[in-house]
Amino acid sequence: MGLSRGGEGKACLYVEGKGEVVGNLIAAKLADKGVGFFTYGEYFEAEPFLIIPDQEIKIIKNVWIDGVAYRTISIEEAVFEEKLFAYGDTLVYKIRNTSDFEKKFKINGMMQVFSWFLPESRNKIAEIAGSNFRYHDGELVGFYSNNGPYITIKSNNKIAIKQIEQAYSNFEIDTSLAPSEEFILTVAGHQSSVEVSNINADKAIASPETIERMKRRELCEMLINATKKNQVKKEFESISKYMWYVILSNRARVENHPILKNPFVMPSKFGLRHQWLWDSAFHAIVLSKYSLEMAKQEILNLFYAQKKDGRIPHEIFLSKEFCKLFWNVDDYTPWTTQPPVLALAVARVLQMEEDRKFAEIAYESLDRYDKWFRSQRDKDGDQLMCYVDYLESGWDDSVRWDEPKLLFDDNPEKYKMDYSQVRMAPVEAIDLNCLIYLQRKILSNLAEKLGHNNESEEYQKLAERTARGINELMWDEEKGFYYDIYEEEHKIIGVKTPAAFLTLYAEVTTQQKAQKLVKHLFNSHEFWTTFPLPTVSADDPRYDPRGYWRGRSWLNIIWFTYHGLKNMVLTMRLECLHRE
């Protein structure tokens, strides 16, 4: 990464070998023979999207500059320049013949209704949504439903339909390019107007250079603003710039969505294409260093999603149909929540700017959320909350949940007596309760500032009860470690995970206990691995450094631990983690 080298002009961000491009809801990626991946929100997808078959293709050069992927390729003896870029909800793919002779080749294309690439689900989603594809006057138009969203696929060469069904369409394009001639194909999407998607496709075909120029200008302005506001040491400038590119380019706006009224950050426009609860709380904390307005928008969507009973759902889907298929609910959100990091994001925003209106909205929502936890995730009333579903933990397939899931499978009716919707034996998780403690401390402070003195005292007492329960029930003095416990009988679940280090971040532990705890952190047989803080101790027989939440390191857990060491003034230990 760095600035571009000769011939490409000055770049704000230059990456060699990168083929991924993103717009608003559109994302695509170059493959060995064309465009290997395409997605438009949770509405349409293709893998591969455009492929040049039956030809020997070699990649001579591949660079990515300011959001645009550039390649030089040879198709047999001819040499071509490729470009792929996305701006807003328009994608453009271009091939220009740089040889001194004409070259003929074929392009095969495909487009499908979104199903997260689960073939068995595609037809079901298309049927529920009422999707279809239509071909007219050289354009292939996809209707996710009769009311949208829509996509229009158009080329400066004739598109010939090979197959068209409710859930997908295949097409091919025969092209012959004389020297300096270009092949152009565009995909334009729109949430509510097929006419607009058609017009935008026409504009992109007529003037792709304008789209490319707008994309590069947008990205450069974004990165210049981010780096001016967040200066780093020179050796970290390139990676810092790229990290700002990642979070800011993954922001998306969904028009006419009943919940997602504001732009928000998708964890990935290539794989995780809607809004998640704890992800967005972290996003808001980072965005607060760039734009407080963006940070507030991220948070407000989550408040808009809050249910009447006070629960804030764990994710907000773009597609109601996909949520229904995945969670079996007729809604945009499932019945679960996620780790309550949201209060930390609220506190960060209000720390940087006094905003009484936002504080009042946040207090009302977080107050209802905490009351929901008390009524729906604390059947024994000990002020230690529990998870009843592994997916609401944020640690989806963690070793932590192996035994609780087996216990539930052995006797599901037993657990359904206390919780109507449950998929594992209820676990009072150490990280969950550290976050509940912090949520209550933040609510206490908010209540005091807003003049709700009785509520402030109540939340302070609730926080103290949670902290007391953590230290009395979750601490193992012999092993010097904090563990998850079952809600039933408070039996310790003997799985060592870095969730224990959130006690440092929340400052619910003592210096004496912290010193014992960090011995595990800096033990090379436990958590001080090649890349520190695996999601389960390396001495656990189920440890897998490539496992999703079964051994990989996750940045958010490292972030909690790093700041926990700072909070507990464990300076020497902090420097070790910082260096690593």
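Structure summary
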item: Solvent-accessible heavy-atom area per residue, rounded to whole Å², over the chain at 1.4 Å; result: 42
item: Calculated P(r) tail over 20 Å for region 310-393, as whole % of Cα pairs; result: 46
item: Candidate residues His136, His452, His274: accessible-area rank, largest first, probe 1.4 Å; result: His136, His452, His274
item: Region 191-213 and region 48-95: distance between their alpha carbon centers, rounded to Å; result: 20
item: Listed residues Lys83, Lys158, Lys566 arranged by accessible area, highest first, probe 1.4 Å; result: Lys158, Lys566, Lys83
item: Estimated FRET transfer efficiency when R0 is 25 angstrom, pair Glu47-Arg217 (beta carbons, to 0.05); result: 0.25
item: Gain on full stretching of the segment that runs from Gln351 to Ser99 - 0.36 nm per residue minus C-alpha separation; result: 84.7 nm
item: With all protein chains modelled, accessible area of Ser420 [1.4 Å, Å²]; result: 100
item: Distance between region 241-284 and region 482-527 - C-alpha centres, whole angstrom; result: 32
item: Whole-number D in µm² s⁻¹ for region 191-331, Kirkwood Cα-pair radius fed into Stokes-Einstein, 37 °C, 0.692 mPa s; result: 191
item: The chain: mean projected area of Cα convex hull, nm²; result: 28.1
item: Overall dimensions of region 1-149 by Cα: Rg and Dmax, Å; result: 17.2, 52
item: Accessible carbon and sulfur surface of region 399-498 relative to its total accessible area, %, 1.4 Å; result: 43
item: Spread of Cα-to-Cα distances over 10 Å intervals beginning at zero, given as percent, for region 64-183; result: 12, 34, 32, 17, 4, 0
item: 13 Å beta-carbon shell around Gly36, net charge (K/R +1, D/E -1); result: -2
item: Whole-number percent relative contact order across the chain, with pairs defined as alpha carbons under 8 Å at least 6 apart; result: 8
item: Cα centroid of region 317-375 to Cα centroid of region 382-418, whole Å; result: 21
item: Pair Arg552, Asn146: separation of 7 Å Cα→Cβ label points (nm); result: 4.2
item: Projected-area average for region 382-533 over all orientations - Cα convex hull basis, square nanometres; result: 10.5
item: Region 152-273, relative contact order in percent, only Cα pairs under 8 angstrom and at least six apart counted; result: 17
item: Carbon and sulfur %, accessible surface of region 123-261 computed with the full protein complex present, 1.4 Å; result: 49
item: Over 32 Å (Cα to Cα) - which of Lys269/Lys414; Lys461/Lys516; Lys61/Lys203; Lys234/Lys519 fall in this group; result: Lys269/Lys414; Lys234/Lys519
item: Prolate/oblate/rounded call for region 147-218, Cα gyration tensor, a/c under 1.5 rounded; result: oblate
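The values are calculated or read from the model by the stated rules, or taken from the named source; none is laboratory data. Being a predicted model, the structure only gives us computed values, none of them experimental. Positions of Cβ are backbone-derived with ideal geometry, glycine not excepted, and every protein chain shown enters the neighbour counts. Side chains are part of the model used for accessible areas, which takes the heavy atoms of the whole protein and leaves out ligands, DNA and RNA. Shrake-Rupley method; radii C 1.70, N 1.55, O 1.52, S 1.80 Å.
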